[in-house]
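Throughout, read-outs are computed from the coordinates displayed, never taken from laboratory work. It should be emphasised that the depicted structure is a prediction, and the values quoted were computed from it without experimental measurement. Neighbour counts run over all protein chains shown; Cβ positions are idealised from the backbone, glycine included.
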Amino acid sequence: MSGPGQSTVGPVLSDAEYRSLCEWVYLQTGMVFDDRRRDVVENRLGARMQQHSGLSVQQYLRRLAVDEREAREFLDLLTVNETYFFRDLPQMTVFRQVLEEMVAERRQVPLGRLRVWSAGCSIGCEPYTLAMCIQEELDRQRVSLEWHVLGTDISPSSLEVAESALYSDREVRDVPPDLLKKYFRRRDTWWEFSHPCKNRVQFRYSNLLRPGREVQGAFDIVFCRNVLIYFDDASRRQVAETLFDLMVPGGYLFLGASESMSRISRAFQLRRVGSGFVYIRP
């Protein structure tokens, strides 16, 4: 099967077929695919149809509606995007500042704990990045507390990579050398995230529009970066409500650099931290 980064000649969909497919994707995920991404959709559809060479486009589209496994496989291929460790370094600096404050507060609380959710975690670079930052801050402050990071995504293949914790040179390119040495080990051509704190990171299949029992609040910190850009306003509002409900009062929400809650929800407050900004659940 061709991967998302490979060149695959996909079927040429009629306008009606393309609209029908995009409507189905929207109903399943809340993600919006318009004409600007038509080539991507057709190419990735072609990659799946290579596995079902006897089906016409119409037959395959009908199969998506009734075959849950095939639907997941197609959505998996459609939604995989590039990711890497310590993505958006300025925002990670803000996270470290927030983390320093939260850990210091929990020093005074018996049986203190910290729960972090990486929503739309892809292949796990973000959850493991957060885990490294948490472990480093706990070590620096010499604090022991119960903490966990949950990573969720709608891509089964991405979650398999996350569970394996094996990454390419490109994906670890921004990991500071001292942390690369401390948290990873070389395995053939891969880097394996092998630090014991890996046991505090869990991965679950979950749809942000319908999180289900896989995601249990309440979270102190939520990362939902570069996810809302794929949704329309109605779905964004629904996701914002979900995030709000699953966060503790005073919890922090990190969005992507190009994302904002200003047109979506007034439930969150914007707070300046150092040279950056983060949202707070009142």
(message) For semi-axes √(5λ) of the Cα gyration tensor in Å, one of [x] 39, 24, 17; [y] 35, 23, 16; [z] 23, 22, 21 was computed from the structure I shared and the rest are decoys. Which label?
(response) [y]
(request) Please report how far the C-alpha centroid of region 12-40 lies from that of region 101-156, rounded to the nearest whole angstrom. (result) 36 Å
(request) May I ask what percent, to the nearest 5, of DSSP beta bridges between residues of the chain are antiparallel? (result) 45 percent
(request) Provide PHE277, PHE244, PHE95 in ascending order of the number of other Cβ atoms located within 10 Å of each residue's Cβ, fewest first. (result) PHE277, PHE244, PHE95
(message) Give me the net charge for the shell around PHE33: Cβ to Cβ below 14 angstrom, other residues only, Lys and Arg +1, Asp and Glu -1.
(response) -3
(request) Determine, for each peptide in 183-190, 23-30, 44-51, 221-228, the mean count of other beta carbons within 10 angstrom over its residues, then list the peptides with the highest first. (result) 221-228, 44-51, 23-30, 183-190
(request) Lys and Arg at +1, Asp and Glu at -1: add these up for the other residues within a Cβ distance under 14 Å of GLN97 and post the number. (result) -1
(message) Under 8 Å for C-alpha pairs, at least 6 residues apart: give me the relative contact order for region 89-280, rounded to a whole percent.
(response) 23 percent
(request) Enumerate the amide H contacts of PHE231 below 5 Å, restricted to partners 5 or more residues apart or on another chain; note that Pro and chain-start residues carry no placed amide H. (result) VAL32
(message) Between ASP15 and ARG63, what is 0.36 nm times their sequence separation minus the Cα-Cα distance? Round to one decimal in nm.
(response) 15.4 nm
(request) Kindly identify region 163-222 as rounded, prolate or oblate by the Cα gyration tensor criterion: order the square roots of the eigenvalues as a ≥ b ≥ c, call it rounded if a/c is under 1.5, otherwise compare a/b with b/c, prolate if a/b is larger, else oblate. (result) prolate
(request) Set the Förster radius R0 to 25 Å, insert the Cβ-Cβ distance between GLN269 and GLU101 as r into 1/(1 + (r/R0)^6), and round the FRET efficiency to 0.05. (result) 0.95
